[in-house]
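S.K.: Before I ask anything, here is the structure I am working with.
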């Protein structure tokens with residue numbers, strides 16, 4: 001499948017996603033009405049840590065929405081996929097009680113989706129390598 005998410009949308013959307021992840025433990029509730037902040041320290045801290053990492057990466061990433069363009073966007077997408085997987089499996093990994101795992105699953109899947117289907121993604125974009133481009137050749 002071809003990547004279809006533009007890097008401009010990716011950059012702007014990641015700010016919203018990062019701030020929502022930081023606020024997740026206090027915004028969302030489980031099926032029994034308990035907030036994520038009251039369930040366990042893993043349910044409280046994992047979305048906050050990943051949200052802050054996403055915010056910092058997006059500020060320094062090479063997208064149209066970032067003020068400081070130092071971090072390669074391909075590395076950002078790889079880390080999005082890894083952090084999305086960690087967030088996705090965290091309810092089972094840390095055995096969240098009160099069935100308050102839907103925000104982690106949703107935001108984890110969203111991070112994986114963004115990391116894979118954004119243009120210039122290393123997972124769906126193919127690099128054009130020519131044999132003589134960037135390689136040292138010998139004249140012997």
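S.K.: Taking segment 101-126 as the region of interest, how many residues are in contact (Cβ under 8 Å) with a residue 40 or more places away in the chain, closer than 27 Å to residue 45 by Cβ and surrounded by fewer than 18 Cβ atoms within 10 Å (Cβ to Cβ)?
M.R.: The number of residues fulfilling the criteria is 1.
S.K.: Are any of the residues in segment 54-67 closer than 15 Å to residue 102 by Cβ and either touching a residue at least 12 places away in the same chain (Cβ under 8 Å) or touching a strand residue (DSSP E or B) at 6+ places or on another chain (Cβ under 7 Å) (or both)?
M.R.: no
S.K.: Name the single residue, out of those in segment 11-34 being in contact with a helix residue (DSSP H, G or I) (Cβ under 6 Å, 6 or more places away or on another chain) and modelled with pLDDT under 90, that is surrounded by the most Cβ atoms within 10 Å (Cβ to Cβ).
M.R.: 24
S.K.: Quick one: in segment 1-20, of everything that is touching a strand residue (DSSP E or B) at 6+ places or on another chain (Cβ under 7 Å) and outside any helix (DSSP H, G or I), which residue is farthest from residue 123 (Cα to Cα)?
M.R.: Result: 5.
The values are calculated or read from the model by the stated rules, or taken from the named source; none is laboratory data. Since the structure is predicted, the reported quantities are computational estimates derived from the model, not experimental observations. Positions of Cβ are backbone-derived with ideal geometry, glycine not excepted, and every protein chain shown enters the neighbour counts.
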